[in-house]
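To keep things clear, I will list the structure first and then write my remarks on it.
The values are calculated or read from the model by the stated rules, or taken from the named source; none is laboratory data. What you see is a predicted model; the values in this text were computed from it and never measured. Cβ coordinates were reconstructed from backbone atoms using ideal geometry, including for glycine residues, and neighbour counts include every protein chain displayed. For accessibility, only protein heavy atoms count, side chains too; no ligands or nucleic acids. Shrake-Rupley method; radii C 1.70, N 1.55, O 1.52, S 1.80 Å.
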Amino acid sequence: MASIKVKFRPSTVADHEGSVYYQVIHERRVRQIITSYKLFYDEWDKRRQSIADTISSHRILVIKNIKQSIKRDVENITRIINELTRKGGSFTSDDILDQFSIYTSTHSFSNFMNEVIEKLKQNGKIRTAENYRATLNSFAKFIVDSGKYPDYDQNIMIDHLSADIIEAYEAWLKLRGITPNTSSFYMRILRAVYNRAVENQMIENQNPFRHVYTGVDKTVKRALPLCLIRKIRQLDLSSNRQLDMARDMFMMSFYLRGMSFIDMAYLKRSDHRNGYIVYRRRKTGQVLTIKWTPEMQSIVDKYPENPNGYLLPILCNPIKPNLNAYRNAGYKINHNLKQIALLVNVSIPLTLYVARHSWASAARSKGVPLSVISQGMGHDSEATTRIYLSSLDSSLVDKANSLIIKSV
């Protein structure tokens, strides 16, 4: 029968941490599994072959997490041994190590989340994939910066995620000045990935997010009144091509019912036909139809025809019309919008997203029903408006848009 023992190898350098490793013995053949868990010499009880009971106060959380991780690793190696034994036939200690290596690869939180991100990209949910990537990067940075978890950014197992780790991550975000809404945003994404692993029966749900905030606070108003939208439209920016272009893209987003920047960037000339823009939202896959107006045409007429076949002058490099180009264009436009904000005395940070908020606010101020606004912006996640969206004629939204444009 195969057996497993937890061992400790002290560092050859004084006052340095040593390494924990597992010794797997089967049919008199001994193999080792090196872990990333680090202990100081006096934190290991040599006689009992286990972590010592007396630990300095500043290392209690570190040791607690190492203990939990070792316990789960031993349980998983034992499970592998039992499964190999149950199947019958002969197996070696190397087979045990191979199976554990496969487990650590498939159950690694970062590996699993990267798989989720790739699937999102394949399904065309580029923006969602970017949010997941930003969350994973933030969580990995927390693991490294905190110094409390041994190399978990590389190989933390999904079932090693505990309420303690998640709470510590929330506290780390708060210390860095991250707003509660942004912290909650990261937590909801991590929870979604964790829940997917539960659904795939990779782990049992330990509910590690039960003590952290995952709600949504009321945010600072990001919509501009129509009088300020009008001032932005009327600015004479002919002497500064970059500011002029940033203003035009801001206004185009507003004219196009608050269209998101990524959808604007990838609009094709072929999407403009028969007096309408017909496009598919990258975030949701929903197909939207927008009536083309003279105000939109006047902006398009200012710029040469895009060599890449896009409608707007955002992705103009014929060699690199890729995701990085879209991001860089967005950064530049938002940077220039902040300068425009100073010209019209706008106190809130002016970004392309403000155009989307402003359109919704303007529509509401004109008495446009919430259901019409939801359809106009391509919202499909509000359960209270879904019943109405399917029965609305798109001409209602076009009329609402005409009211708003004429007010500018």
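My understanding is that a pair violates if its Cα-Cα distance is over 26 Å; which of Lys38/Lys71; Lys38/Lys174; Lys268/Lys291; Lys7/Lys87; Lys121/Lys291 do that in this structure? Walk me through the intermediate numbers first.
Working: Lys38/Lys71 15 Å; Lys38/Lys174 28 Å; Lys268/Lys291 15 Å; Lys7/Lys87 29 Å; Lys121/Lys291 29 Å.
Table pairs above 26 Å Cα-Cα are Lys38/Lys174; Lys7/Lys87; Lys121/Lys291.
Which FRET efficiency value, to the nearest 0.05, is calculated for Thr284 and Val74 with the Förster distance at 56 angstrom and r the Cβ-Cβ distance?
0.80
Using 0.36 nm times the number of residues separating Gln339 and Glu27, minus their current alpha carbon distance, what extension gain do you get?
Details: separation 312, 0.36 × 312 = 112.32 nm, distance 7.32 nm.
Length gained, Gln339 through Glu27: 105.0 nm.
Against the globular-protein guess of 2.2 N^0.38 Å, express the Cα radius of gyration of the stretch 175-296 as a ratio, rounded to two decimals.
Details: Rg = 20.8 Å, N = 122, 2.2 N^0.38 = 13.7 Å.
Rg over 2.2 N^0.38 Å, computed on Cα atoms: 1.53.
Under a point spin-label approximation (7 Å from Cα along Cα-to-Cβ), what is the Asp98-Arg233 distance to one decimal in nm?
Using points 7 Å along Cα→Cβ, the separation is 7.0 nm.
Could you compute the net charge surrounding Val30? Neighbours are other residues with a C-beta less than 12 Å from the C-beta of Val30; K and R count +1, D and E count -1. The partial results should precede the final answer.
Numbers: positive: Lys5, Lys7, Arg28, Arg29, Arg31; negative: Glu27, Asp94.
Local net charge: +3.
Cβ under 11 Å from Thr54's Cβ, Thr54 left aside: what net charge do those residues give with Lys, Arg +1 and Asp, Glu -1? Display every interim value, and only then the final one.
On the way: positive: Arg59; negative: Asp42, Glu43, Asp45, Asp53.
Result for the neighbourhood of Thr54: -3.
Multiply the residue separation of Glu167 and Glu204 by 0.36 nm, subtract the distance between their alpha-carbon atoms, and state the gained length in nm to one decimal.
Gain on extension, Glu167 to Glu204, equals 11.4 nm.
Where does the charge balance sit around Val368 when Lys and Arg score +1, Asp and Glu -1, over other residues with C-beta under 12 Å from its C-beta? Each step should come with its number before you reach the end.
On the way: positive: Arg257, Arg364, Lys366, Lys399; negative: Asp398.
Net charge around Val368: +3.
Sticking with the crude label model, points 7 Å out along Cα→Cβ, report the distance from Ser36 to Asp145 in nm, one decimal please.
Each label point is offset 7 Å from its Cα along the Cβ direction, giving 1.8 nm.
Would any residue of the stretch 27-48 have its amide N under 16 Å from a label point 7 Å out along Cα→Cβ of Ser90? List them or say none.
27-30
Send over a whole-number figure in Å² for the accessible area per residue of the chain, probe 1.4 Å.
Details: 21790 Å² over 408 residues.
Per-residue accessible area for the chain comes out at 53 Å².
Kindly provide the helix-only [θ] at 222 nm of the chain, computed as the sum of -39,500 (n - 2.57) over DSSP H runs of four or more divided by all residues, to the nearest 500 deg cm²/dmol? Intermediate results must be reported in sequence, preceding the final value.
Values: 16 runs with 214 residues, N = 408.
Computed mean residue ellipticity for the chain: -16500 deg cm²/dmol.
Indicate the gyration tensor shape class of the chain (rounded, prolate or oblate), computed on the Cα atoms with a ≥ b ≥ c the square roots of the eigenvalues: a/c under 1.5 is rounded; otherwise a/b larger than b/c is prolate and the rest oblate. Kindly include the intermediate steps, with their values, before the conclusion.
On the way: a/c = 2.77, a/b = 2.38, b/c = 1.16.
Note, shape of the chain comes out prolate.
Arrange the residues Val116, Val30 by how much accessible surface each exposes, largest first, with a 1.4 angstrom probe. Mind showing how you got there, number by number?
Details: Val116 5, Val30 70 Å².
Putting Val116, Val30 in descending order of accessible area: Val30, Val116.
Which whole-angstrom value gives the distance between the alpha carbon centres of the stretch 272-295 and the stretch 204-259?
About 20 Å separates the Cα centre of the stretch 272-295 from the one of the stretch 204-259.
Would you mind telling me which residue in Ile70, Ile314, Ile34 has the biggest mean-square fluctuation in a Gaussian network model of the chain, where springs connect alpha carbons within a distance under 10 angstrom?
Of Ile70, Ile314, Ile34, the Gaussian network model singles out Ile34 as fluctuating most.
Computing the accessible area with a 1.4 Å probe over protein heavy atoms, can you report the carbon and sulfur percentage for the chain?
Working: 10900 of 21790 Å².
Here carbon and sulfur together make up 50 percent of the probe-accessible area.
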